[in-house]
1. Skipping prolines and chain starts, which residues have an amide H placed within reach, meaning under 5 Å, of the one on Ala89, given they are 5 or more residues away or on another chain?
2. Would you mind ranking Asp136, Asp118 by Cβ crowding within 10 Å, fewest neighbours first?
3. For region 66-197, calculate the relative contact order in percent as a whole number, restricting contacts to Cα pairs under 8 Å that are 6 or more residues apart.
4. Please give me, ordered by residue number, the chymotrypsin sites (Phe, Trp or Tyr not before Pro) of region 28-117 that lie in loop per DSSP and have at most 13 other Cβ atoms within 10 Å.
5. For a quick check: sort His142, His93 by the number of other beta carbons within 10 angstrom, fewest at the front.
6. Below 8 Å between Cα atoms, with a sequence gap of 6+, how large is the relative contact order for region 68-130 in percent?
Amino acid sequence: MQLAYALLGCMASAIASVTATNACGDMPTPTTPAPTTPAPSTPAPFSLCKTLTDGKVIYLKADNGRGLGYCGGCQVGGYPYPARTGEWAQPVHIRIVPGGKMALQSEYGSQYWSRCADCNPSNKPNQVVLRYTSFDASNTTHWFCEDVSETQVRFKDVDGSYLTRDAESPPALYGNLITSLPWNAAAPEPQKWTVSA
């Protein structure tokens with residue numbers, strides 16, 4: 001008899017677990033977990049520098065609206081092809097240099113914009129000129145590109161100075177000399193270049 005009661009107790013316990021109720025005596029409503037939607041991925045911010053790929057031809061304008069170019073035959077002392085701003089921008093061909101740098105090549109004689117580290121003494125210190133036909137010839141042709149906005153960049157040389165629109169030059173140049181100068185947080189505009197294709 002005790003065995004029968006024990007069996008009945010086990011069966012009652014099993015039935016109770018199958019027909020479990022909540023504290024109010026109601027059957028609980030089964031719940032299905034809400035489907036989870038993965039959070040949308042945030043797109044990487046636009047980088048104008050990353051669009052400047054090897055062989056791309058661009059035009060650069062300084063903050064005064066004048067274009068980057070060179071002056072051939074101008075009566076300016078020193079190296080014969082100084083970089084300058086002028087009424088129009090001349091084409092610049094992007095060349096990618098190992099190590100995350102680039103070189104800016106002119107159409108004139110396939111020469112590169114180079115910071116004067118050892119130019120003629122009559123050149124302004126760190127003046128930018130057309131000088132080498134290979135970017136491997138000197139690291140003074142190497143520039144790091146830094147994004148400023150979706151339309152503007154800065155070019156930093158290997159010594160940490162920036163391609164800069166300098167002061168208006170004598171009338172013979174018809175524009176501004178271009179030099180490579182330390183970052184100027186108080187007046188950064190001459191170190192920003194607007195890019196167009």
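1. Gly67
2. On the way: Asp136 11, Asp118 8.
Lowest to highest Cβ neighbour count: Asp118, Asp136.
3. Working: 300 pairs, mean separation 28.9, N = 132.
Once divided by the residue count of region 66-197, the mean separation gives 22 percent.
4. Numbers: sites: Phe46, Tyr59, Tyr70, Trp88, Tyr108, Tyr112, Trp113; in loops: Phe46, Trp88.
Here the chymotrypsin sites (Phe, Trp or Tyr not before Pro) that fit, given the DSSP loop and packing criteria, are Phe46, Trp88.
5. Working: His142 24, His93 16.
So the ranking, lowest neighbour count to highest, is His93, His142.
6. Values: 109 pairs, mean separation 20.2, N = 63.
Relative contact order of region 68-130: 32 percent.
Values in this text are rule-based calculations from the coordinates and carry no lab data. Please read these numbers as outputs of a predicted model, since none were measured by experiment. All Cβ positions, glycine included, derive from the backbone under ideal geometry; neighbour counts span all protein chains shown.
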